[in-house]
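The values are calculated or read from the model by the stated rules, or taken from the named source; none is laboratory data. For clarity, every value in this text was computed on a predicted model and none was experimentally measured. All Cβ positions, glycine included, derive from the backbone under ideal geometry; neighbour counts span all protein chains shown.
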């Protein structure tokens, strides 16, 4: 760098791309790591941890995700209503059948930093149970 100054990207300079990922037959955790890195922008040359420079990610076929080992029977998702006694444990065996998007979002959210940027980054994640999605227009590269 010239004059010993560090470059910091400005919000106007950040160019966001669209990434389309097919989750058919992929492992839940390994895919969540890849998606979290894309949402944060870790592979970009302008990456800075306190600046939101990530891309949009569209993940399809989440109904065909795979969990390794005995996670399907043993792993549970916890939700809390806010009332006393309002805790609820849902086994992943039912969660993956009923709502695999929620299971994937939980995995990705856990791999993002626990700060205000994570909420902005999660808004750029688009999850779909089947191969059909509403973001075909963004697939065109110019």
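Some points to look at:
- Residue in segment 85-99 that is touching a strand residue (DSSP E or B) at 6+ places or on another chain (Cβ under 8 Å), at positive phi and buried (at least 16 other Cβ atoms within 10 Å of the Cβ) present: no
- Residue within segment 48-65 that is farther than 25 Å from residue 120 by Cα and assigned to a strand (DSSP E or B) present: no
- Within the set 72, 31, 39, the sole residue that is over 18 Å from residue 111 (Cα atoms), touching a helix residue (DSSP H, G or I) at 6+ places or on another chain (Cβ under 8 Å) and in a helix (DSSP H, G or I) turns out to be 72.
- Lone unmet requirement of (1) surrounded by fewer than 17 Cβ atoms within 10 Å (Cβ to Cβ); (2) farther than 30 Å from residue 6 by Cα; (3) modelled with pLDDT of 95 or more for residue 123: (2)
- If only residues of segment 96-142 that are more than 17 Å from the chain's Cα centre (by Cα) and assigned to a helix (DSSP H, G or I) are counted, the one that is nearest to residue 65 (Cα to Cα) is 97.
- Condition check for residue 61: on the phi > 0 side of the Ramachandran plot and surrounded by 17 or more Cβ atoms within 10 Å (Cβ to Cβ): yes
- Within segment 29-53, tally of residues that are touching a residue at least 24 places away in the same chain (Cβ under 8 Å) and under 11 Å from the mean Cα position of the chain (by Cα): 8
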